[in-house]
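The values are calculated or read from the model by the stated rules, or taken from the named source; none is laboratory data. These numbers come from a predicted model, not from an experiment. Using ideal geometry, Cβ is built from the backbone for each residue, glycine included, and neighbour counts are taken over all protein chains shown. These area figures cover heavy atoms from the full protein model, side chains too; ligands, DNA and RNA do not enter into them. Shrake-Rupley method; radii C 1.70, N 1.55, O 1.52, S 1.80 Å.
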Amino acid sequence: MDYTAHLDTALQRLRDEGRYRTFIDIVRKQGQFPHATWRRPDGSERPVTVWCGNDYLGMGQHPEVISAMHEALEDTGAGSGGTRNISGTTLYHKMLESELADLHGKEAALLFTSAYIANDATLSTLPKLFPGLIIYSDELNHASMIEGIRRNGGAKRVFRHNDVAHLRELLEADDPAAPKVIAFESIYSMDGDFGPMEAICDLAEEFGALTYLDEVHAVGMYGPRGGGVAERDRLSHRIDIINGTLAKAYGVMGGYITASEKMCDAIRSYAPGFIFTTSLPPAVAAGAAASVRHLKTDQARREQHQTQAKILKTRFKALGLPLIDHGSHIVPVIVGDPVHTKLLSDMLLDEHGIYVQPINFPTVPRGTERLRFTPSPVHGPREIDCLVKAMDALWSHCALNRADLSA
């Protein structure tokens, strides 16, 4: 077999469909984000404004976070030295887990190297703990949830997105005695819509199911202490397992679950994705703990974040852009074609120094390709003005509103 030819074919197929992904090299400047430097392939540099980052609140450059990481690095060195089971559990890991359990009002928390691994490892392990388990999954759940459910070997049911009536039908059709878990998200990151959390909790209670909630795009940003949409809506006590990330609003790295002490102990004891993975570096854990601790009291930063998102959406709507607005901080502008989306992204970067990655299939369904903007408290009036003017000029010039970039 000509392996190289097969690789060429696979990659060319992505290029032909306009879905081939390219990376640009950027250098973030501490204290200057969202401004960064783009290092071009020819070695030259250009200043850019990042509009697609997941450091939603700018905490990756917060002095308290940086200081905590420096202190831990000086105290412990670079790495953790092992898995959590073998020398990789430090006081910094325990401190972070304590902060996270407190954040969500749970008995315990369990750290992972990413929220993807936390979802995958937990959802793939649950059938080992509850034989005969059936998992009911929203059709738009994140790939990490889908993968964990796919790999667990148990039964699964997929309900239409946010369709509580369909979920009820599926629950009613199954054995009432079978153990059940309903897995869903609080905010779906591509459209920015909210899951019907209270209604799902009601169904879970009625049918004796556990609830599994992904709060990745909400922790730090919603609720009076940053505990997510569940905290905002006073539903945390009705959620059995909460998944979250430390790499978005908290500006560092890592993922976690929070739940009862016994649930976390069982996942810790049975999940290969936890058992066989080197733990987070202590400096990362220390920085994340400082970020979580700070955001428990920084409501002003959350309010400013929401204000900036509302301003950007209002101004995009005034331009007549096809914007999806469900009231969250996510700002998706639908282009509807992968080639057009990539071209618009390239023009924003090349002509205006604005960096926003195109979002294509399989991240979103075909025909809904988009640019997904993520405003933050550190995107000020000047940055918003530049973005709005650039989008206005390029959208009109390219006749994107008529899906005709050839005009």
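For region 102-117, the condition holds for no residue, the condition being that it is touching a Pro at 6+ places or on another chain (Cβ under 7 Å) and either touching a residue at least 40 places away in the same chain (Cβ under 8 Å) or open to solvent by less than 60 Å² (accessible area, probe 1.4 Å) (or both).
Quick check on my filter: what residues within region 162-187 are open to solvent by less than 80 Å² (accessible area, probe 1.4 Å), among the aliphatic types (A, V, I, L, M) and part of a helix (DSSP H, G or I)? Listed by number, the residues that qualify are Val164, Ala165, Leu167, Leu170, Leu171.
For region 291-300, the set of residues classified as assigned to a helix (DSSP H, G or I) and either over 21 Å from the mean Cα position of the chain (by Cα) or surrounded by fewer than 23 Cβ atoms within 10 Å (Cβ to Cβ) (or both) consists of Arg293, His294, Gln299, Ala300, listed by residue number. Of all residues in region 306-337, those satisfying the criterion of being closer than 17 Å to Gly53 by Cβ and either touching a Cys at 6+ places or on another chain (Cβ under 6 Å) or assigned to a strand (DSSP E or B) (or both) are Val331, Pro332, Val333.
Answer yes or no as to whether Arg232 is open to solvent by 30 Å² or more (accessible area, probe 1.4 Å), more than 24 Å from Ser124 (Cα to Cα) and under 20 Å from the mean Cα position of the chain (by Cα). So Arg232 passes the test. Tell me, which residue of region 129-153 that is outside any helix (DSSP H, G or I) and among the β-branched types (Val, Ile, Thr) is surrounded by the fewest Cβ atoms within 10 Å (Cβ to Cβ)? Residue satisfying both the conditions and the ranking: Ile134.
The set of residues in region 207-240 being within 23 Å of Pro131 (Cα to Cα) and either without any contact (Cβ under 8 Å) to a residue 12 or more places away in the chain or of a type in the set (Gly, Ala, Ser) (or both) consists of Gly208, Ala209.
Candidates Gly81, Gly88: the one that is assigned to a loop (DSSP other than H, G, I, E, B), open to solvent by less than 10 Å² (accessible area, probe 1.4 Å) and over 30 Å from Gln32 (Cβ atoms) is Gly88.
Pairs are defined by a Cβ separation below 8 Å, a sequence spacing of at least 6 or placement on different chains, a first member in region 368-381 that is closer than 12 Å to Gly53 by Cβ, and a second member that is open to solvent by 10 Å² or more (accessible area, probe 1.4 Å) and among the aromatic types (Phe, Trp, Tyr); the pairs so defined are Val378/Phe33. Looking at the structure I just gave you, is Asp55 among the acidic types (Asp, Glu) and open to solvent by less than 60 Å² (accessible area, probe 1.4 Å)? Yes, satisfied.
With respect to the conditions (1) modelled with pLDDT of 95 or more; (2) more than 28 Å from Gln304 (Cβ to Cβ), Lys342 lacks only one, and its number is (1). Applying the condition of being of a type in the set (D, E, K, R) and either out of contact with any Pro (no Cβ under 8 Å at 6 or more places or on another chain) or not in a loop (DSSP other than H, G, I, E, B) (or both) to region 188-199 and asking which residue is farthest from Asp325 (Cα to Cα) yields Glu198. From the list Thr49, Thr22, the one residue that fits, being without any contact (Cβ under 8 Å) to a residue 60 or more places away in the chain, hydroxyl-bearing (Ser, Thr, Tyr) and either more than 20 Å from Met253 (Cα to Cα) or surrounded by 17 or more Cβ atoms within 10 Å (Cβ to Cβ) (or both), is Thr22.
In the condition set (1) open to solvent by 10 Å² or more (accessible area, probe 1.4 Å); (2) assigned to a helix (DSSP H, G or I), Ala288 is compliant with all but (1).
Do we have Ser279 as within 17 Å of His70 (Cα to Cα) and of a type outside the set (A, V, I, L, M, F, W, C) here? So Ser279 fails the test. All conditions in (1) farther than 30 Å from Asn360 by Cα; (2) modelled with pLDDT under 95; (3) among the acidic types (Asp, Glu) hold for Asp191, with the sole exception of (1). Does region 359-366 contain any residue that is open to solvent by 70 Å² or more (accessible area, probe 1.4 Å), over 23 Å from Met221 (Cα atoms), in a helix (DSSP H, G or I) and not basic (Lys, Arg)? Checked against the condition, which is being open to solvent by 70 Å² or more (accessible area, probe 1.4 Å), over 23 Å from Met221 (Cα atoms), in a helix (DSSP H, G or I) and not basic (Lys, Arg), region 359-366 yields no hits at all.
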